[in-house]
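Have a look at the structure below before the remarks.
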Amino acid sequence: MLRIYHAPGTRSVRPIWAACELGLQFEIAPVDFSAAYRDTPEWRAISPAGKLPALTDGELTLFESGAMVDYILDRYGEGRLRPPAGTAARALCQQWCWFSEATLLRPLGLAALLRDPPEAVVAAALAKAREAIGVVDSALAGRAYMLGDAFTAADIMMGYSLAFLDHLKLLDGDAHRNGVAYLARLKTREAFQRALNA
């Protein structure tokens, strides 16, 4: 049985959202998000880095949200939510999946690792995040979703990232009109609502 270890607001929203979009039967296992619990041998046996989310499916254990979305689609997707492998569209889908985490959220994650980061570090992280939001906003011009008219895994990955940045008040309704409208569209999806409220 597919089991996704979850704490509200964490990146576990991504694999839950993917599973909901596919209409899968799966279990959500609530996790104590406290640092004390995440450092226990019990949790580290599931997630060696102590991070959320984690996923188990039979003998398989995963602990990166993007890898979980890929696994869910490979194992259960039956070709849904991704263009065919080897196509330009698939490459673009992967590009936006990686961008959502490695470029869009990375500057803020690095700044958050520092205890009492200097103002210059915070300012630089925010500037990089806003620059990356601008890239997404430009890519969405004239498009409903990251790849055009079709909702894909790229939207699951990007949607969580933009929702997180919106929570931090980094999406600007004037500067990021396409991104704001895109996130509003994603929020109307039943699967996204289920994942956010899990």
Point to revise | Within the chain, helix-based [θ] at 222 nm, where runs of 4 or more DSSP H residues each add -39,500 (n - 2.57), nearest 500 | key: -15500 deg cm²/dmol
Point to revise | Share, in percent, of DSSP beta bridges within the range 2-80 that are antiparallel, nearest 5 | key: 65
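Kindly point out which whole DSSP H helices in the chain project their C-alpha atoms 27 angstrom or further along the helix axis while averaging a Kyte-Doolittle hydropathy of 0.5 or above. Please report the intermediate quantities before stating the final value.
Numbers: long enough: 119-139 (30 Å, 0.92).
Helices meeting the span and hydropathy rule in the chain are 119-139.
Given a cut-off of under 8 Å on Cα pairs at least six residues apart, what relative contact order in percent is computed for the chain? If you can, show how the numbers build up before the last one.
Working: 244 pairs, mean separation 46.7, N = 198.
Reported as a whole number, the value is 24 percent.
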Review point. For 43, 96, 17, what ranking results if the residue with the fewest other Cβ atoms within 10 Å of its Cβ goes first?
Key: 43, 96, 17
Check your understanding: Remind me, relative contact order of the range 2-80 in percent, using alpha carbon pairs under 8 angstrom and six or more residues apart?
Key -> 37
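To the nearest 0.05, what FRET efficiency results for residue 88 and residue 175 with a Förster distance of 25 Å applied to their C-beta separation? Before the final figure, lay out each step's value.
Details: r = 29 Å, r/R0 = 1.18.
For R0 = 25 Å, the calculated efficiency reads 0.25.
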**Study point:** Per-selection Rg to Rh, the range 88-189 - Cα, Kirkwood hydrodynamic radius
**Key:** 0.99
Review point. Which far-off residues, 5 or more places away or on another chain, put their amide H under 5 Å from the one on residue 2, with H placed in the peptide plane?
Key: 27
Review point. Around residue 31, which amide H atoms from residues at least 5 apart in sequence, or from another chain, sit under 5 Å from its own amide H, with H modelled in the peptide plane?
Key: 6, 7
**Study point:** Cα centre as origin, Lys/Arg/Asp/Glu Cβ charges: the range 20-96 dipole, Debye
**Key:** 280
Practice item. Could you tell me what percent of the DSSP beta bridges with both partners in the chain are antiparallel, to the nearest 5? Key: 65
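No value in this document is a laboratory result; all are computed from the given coordinates. Treat the numbers as computed from the prediction; the structure is a model and nothing was measured. Positions of Cβ are generated from backbone atoms using ideal geometry, with glycine treated the same way; all protein chains shown enter the neighbour counts.
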